[in-house]
Amino acid sequence: AKREGRNQSRIYTADMSTQTQARVALEKNLRRALAKREFLLHYQPQVDLQTGQIVGMEALLRWQRPGFGIVPPAEFIPVAEESGLIIPIGEWVLREACTQNKLWQDAGLPSLRMAVNISARQFGLNGRFMTEMVDQVLKESGLMPEYLELELTESLVMANPEQTAHILHRLKDRGISISVDDFGTGYSSLSYLKRFPIDKLKIDRSFVRDITHDDADAAIVNAVISLGHSLNLQVIAEGVETTEQLEYLRQEGCDGIQGYLFSRPMPAIALTQMLRKVRPF
Ligand code: C2E
Ligand code: CA
Ligand code: CA
Ligand code: CA
């Protein structure tokens, strides 16, 4: 039994070090990817449920890794966050998204709001860094702040509420919109909703998936829509894949949807084609 125990612990140690090695290698590759411009953004439209028009889009990070194809963010964002690399990567994302949005506007396409995901690490210890970075990017890209929206998760906003409230108010003062991503999956206290200058709630895909045949999910979604509206917030549902889900959400008064039903996230050039058409549905 003793020998077995020792073996187990040795295997365990070997596993850990393999994991650590993989993590270190990934971190190195991410650093290189940033320098070699291997990142790109895909954009997913957000559609107004009343008018059927595209009213905004979300920028989603992709890594075009030579020899691996397109790597989804779930495979590298966690390491980027832990290593702190999300700070320069996130800055790149913001700059690219704002620049692209300005290009679309300059091309005479309808002016839309661009939503960009922000990690807790980007808020940092010193909030000035975040606001200065955003100011700098807006200035360089020439994008009006009204056309930028930042998506934050509940865990981010609750990690350091005082600090976060301060930064969010400063961003809000500039005309930037703030939305709470994956709403309902994070911190359970809702008190932040009245303290922070939030514009929009995004209902997480996990609640939307079974909305038409799971009473509990339907009840949660209905409650989020009423809560949002009574606080004067926009409510948008993510992960909408079927017309049944769309009709349900429309009936319940949800303001907008984002999901494969309407469009998958796509490269800028494909979205340009879509934006040239008048009405999506
Ligand atoms: P998220 O912010 O919740 O983004 C929505 C995710 O749902 C995207 O996955 C999108 O492709 C996917 N999605 C959209 N519609 C549907 C649908 O109808 N069905 C299904 N099954 N999925 C749908 P993606 O692009 O793989 O991104 C995953 C996560 O990675 C994002 O979740 C976000 O948390 C993170 N992420 C992506 N880009 C960035 C970024 O630039 N910065 C940071 N910090 N995080 C990012
Ligand atoms: Ca998001
Ligand atoms: Ca989300
Ligand atoms: Ca989500």
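The values are calculated or read from the model by the stated rules, or taken from the named source; none is laboratory data. Quick caveat, the model's predicted, so the values are computed rather than measured. With ideal geometry, Cβ positions are generated from the backbone for all residues, glycine too; neighbour counts draw on all protein chains shown. The accessibility values were calculated without ligands, DNA or RNA, using every heavy atom of the protein model including side chains. Shrake-Rupley method; radii C 1.70, N 1.55, O 1.52, S 1.80 Å.
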Can you name every residue in segment 170-195 that is surrounded by 14 or more Cβ atoms within 10 Å (Cβ to Cβ), farther than 19 Å from G56 by Cβ and either within 18 Å of the chain's Cα centre (by Cα) or not aromatic (F, W, Y) (or both)? R170, G184, T185, G186, Y187, L193, R195
Do we find a residue being within 15 Å of ligand 4 (Cβ to nearest atom) and on the phi > 0 side of the Ramachandran plot anywhere in segment 179-192? yes
Among the residues of segment 82-105, write down those that are open to solvent by 60 Å² or more (accessible area, probe 1.4 Å) and modelled with pLDDT under 95. E82
Looking only at segment 113-131, decide whether some residue is in a loop (DSSP other than H, G, I, E, B) and exposed (fewer than 14 other Cβ atoms within 10 Å of the Cβ). yes
Out of the residues in segment 132-159 that are of a type in the set (S, T, Y) and either open to solvent by less than 30 Å² (accessible area, probe 1.4 Å) or not in a helix (DSSP H, G or I) (or both), which is farthest from V93 (Cα to Cα)? T153
Could you run through segment 65-81 and say how many residues are part of a strand (DSSP E or B) and surrounded by fewer than 16 Cβ atoms within 10 Å (Cβ to Cβ)? 2
Every pair of residues 6+ apart whose Cβ atoms lie under 7 Å, when the first sits in segment 249-262 and is open to solvent by 10 Å² or more (accessible area, probe 1.4 Å) while the second is within 16 Å of ligand 2 (Cβ to nearest atom) and not aliphatic (A, V, I, L, M): D255/Q234; F262/P45
Counting only residues in segment 160-169 that are crowded, with 19+ Cβ neighbours inside 10 Å and of a type in the set (A, V, I, L, M), the one farthest from ligand 3 (Cβ to nearest atom) is identified as I167
Starting from residues that are within 16 Å of ligand 3 (Cβ to nearest atom) and without any contact (Cβ under 8 Å) to a residue 40 or more places away in the chain, keep the ones in segment 194-204 and report whichever is farthest from D173 (Cα to Cα). D204
Those residues of segment 144-164 which are modelled with pLDDT of 90 or more and more than 14 Å from ligand 1 (Cβ to nearest atom), in sequence order: M144, P145, E146, Y147
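Can you name the residue in segment 208-246 that is among the aliphatic types (A, V, I, L, M), under 14 Å from F262 (Cβ atoms) and part of a helix (DSSP H, G or I) and is also farthest from ligand 4 (Cβ to nearest atom) among such residues?
Looking at residues that are among the aliphatic types (A, V, I, L, M), under 14 Å from F262 (Cβ atoms) and part of a helix (DSSP H, G or I), I get L246.
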Name the residue that is nearest to ligand 2 (Cβ to nearest atom), counting only residues in segment 197-224 that are under 29 Å from E146 (Cα atoms) and surrounded by fewer than 20 Cβ atoms within 10 Å (Cβ to Cβ). R205
Out of L30, L94, sole residue that is in a helix (DSSP H, G or I) and farther than 30 Å from G175 by Cβ: L30
